[in-house]
Each structure stands twice: as C-alpha cells, then as structure tokens.
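A.B. asks: Structure incoming, see below.
The values are calculated or read from the model by the stated rules, or taken from the named source; none is laboratory data. Everything numeric in this text was worked out from a predicted model, so none of it was measured. Neighbour counts are summed over all protein chains in view; Cβ atoms, including those assigned to glycine, are modelled from backbone coordinates with ideal geometry. These area figures cover heavy atoms from the full protein model, side chains too; ligands, DNA and RNA do not enter into them. Shrake-Rupley method; radii C 1.70, N 1.55, O 1.52, S 1.80 Å.
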Amino acid sequence: GFVPGLFGTSHGALQFMAYEDLKERYNKYRNRVSDTKLNTVEYIMMAAVSKIFAVVATYPYQVVRARLQDQHNTYSGVFDVILRTWR
C-alpha cells in the first residue's frame, strides 16, 4: 500500500489547484480583476466544488490502498488489485 499511499498527498494539491483555477475563471466570467475578493457564498461554493473535484480524482487510490493492506487477500501488486476490483 506504500505506492498508492503516495498518491494521497496529491489530494490537497489538486484541491488547491482547482480552487485557485475556479476563482480565476469565475472572476473572469464576471468581468472582474482575477484577484478580486469573493463574497462568503462564492468562497464556500469554490471550496465545495474544488473539494468534490479532489475527492473524485483521488478516491480510487484509497480503495486500492485499502485492498492492498487487507490481510485476508493476497495480491501480486497494484495492477492485480485494480484488475480484480474492476471485475
């Protein structure tokens, strides 16, 4: 589970990247300067959408990691877990 565990560190990076990109695109859509401060509801929406993006992008690795750590099954590696899970 070590290698899939490394992918877990990408969750925060993906969320931050999505959050900043959403803010920039939203301000551009509203014809505002890119660093214009948002109101509270806009901040909450940007945070929620970026969190959903990060979870959807990184959740599959958590399944693979948990299955690799399962003591009742033996797998030959990450690809074996992915193939057996897919089936």
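A.B. asks: Quick check on region 41-54. Is at least one of its residues of a type outside the set (A, V, I, L, M, F, W, C), assigned to a helix (DSSP H, G or I) and over 14 Å from the mean Cα position of the chain (by Cα)?
C.D. replies: yes
A.B. asks: Could you please find all residues in region 41-87 being out of contact with any Lys or Arg (no Cβ under 7 Å at 6 or more places or on another chain) and of a type in the set (Val, Ile, Thr)?
C.D. replies: Once the filter is applied, which keeps residues that are out of contact with any Lys or Arg (no Cβ under 7 Å at 6 or more places or on another chain) and of a type in the set (Val, Ile, Thr), region 41-87 yields 41, 44, 49, 52, 55, 56, 58, 63, 64, 74, 78, 82.
A.B. asks: Pairs needed: first member in region 35-61, under 21 Å from residue 7 (Cβ atoms); second member anywhere, open to solvent by 100 Å² or more (accessible area, probe 1.4 Å) and in a helix (DSSP H, G or I); C-beta distance under 6 Å; at least 6 residues apart or different chains.
C.D. replies: 61/7
A.B. asks: Have a look at 28, 37 and point out the one that is loosely packed, with under 11 Cβ neighbours inside 10 Å and of a type in the set (Lys, Arg).
C.D. replies: 37
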